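Visitor: Pasting a structure here, questions to come.
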Amino acid sequence: MKSREELHKMLDVWWDDGLVGNLIIYRSPGAMLGDCIIERVLKCREMKPEIRAAFEMVMDELGVDRGEVFRNKNGDPDRIKLTRRFDGKSIST
């Protein structure tokens, strides 16, 4: 958690670096500290070629139309929530 001053500095860094997306600053009712989350859309054309290839392979292999990725409490890759068309046939991952 961060102080009000730290959150102000984070906003300045986000703005000055030209970052895009949503910057969410929040705190619980009555709390003296808050936190900051950035939501960003990363397009394939912005990825390094090897990252793009791996990402496209995962998307194609799982038939993903839309999705979200999550890390566990230790920060390790944990799961993918995916959305895809379903034609009534068996699905394997």
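Visitor: At a 10 Å Cβ-Cβ cut-off, how would you order ARG27, ARG66, fewest neighbours first? Don't skip to the end; give the middle numbers.
Guide: Working: ARG27 14, ARG66 9.
Ordered from fewest to most neighbouring Cβ atoms within 10 Å, ARG27, ARG66 come out as ARG66, ARG27.
Visitor: Quick check on my link table: of LYS2/LYS73; LYS48/LYS81; LYS2/LYS43, which ones sit more than 28 Å apart, alpha carbon to alpha carbon?
Guide: LYS2/LYS43
Visitor: Counting pairs of alpha carbon atoms under 8 Å apart in space and at least six apart in sequence, what relative contact order in percent does the chain give?
Guide: 18 percent
Visitor: Considering only the other residues whose Cβ falls under 12 Å of the Cβ of ILE24, what net charge follows from Lys and Arg at +1 and Asp and Glu at -1?
Guide: 0
Visitor: Divide by every residue of the chain the summed helix terms, -39500 (n - 2.57) for each DSSP H run of at least 4, and state the resulting mean residue ellipticity at 222 nm, rounded to the nearest 500 deg cm²/dmol. Walk me through the numbers before you get to the answer.
Guide: Values: 2 runs with 27 residues, N = 93.
Mean residue ellipticity at 222 nm (helix-derived): -9500 deg cm²/dmol.
Visitor: How many percent of Cα pairs in region 43-93 exceed 16 Å? Show your work: numbers first, answer last.
Guide: On the way: 674 of 1275 pairs.
So the pairs more than 16 Å apart make up 53 percent of the total in region 43-93.
Visitor: Expressed in whole Å with the largest first, what are the equivalent ellipsoid semi-axes of the chain derived from the C-alpha gyration tensor as the square root of 5 times each eigenvalue?
Guide: Sorted largest first and rounded, they come to 34, 18, 12 Å.
Coordinate-derived values only; no laboratory data. Since the model is a prediction, treat every value here as computed from it, not as a measurement. Don't worry about glycine lacking a Cβ; one is built from the backbone with ideal geometry, like all the others, and counts go over all protein chains shown.
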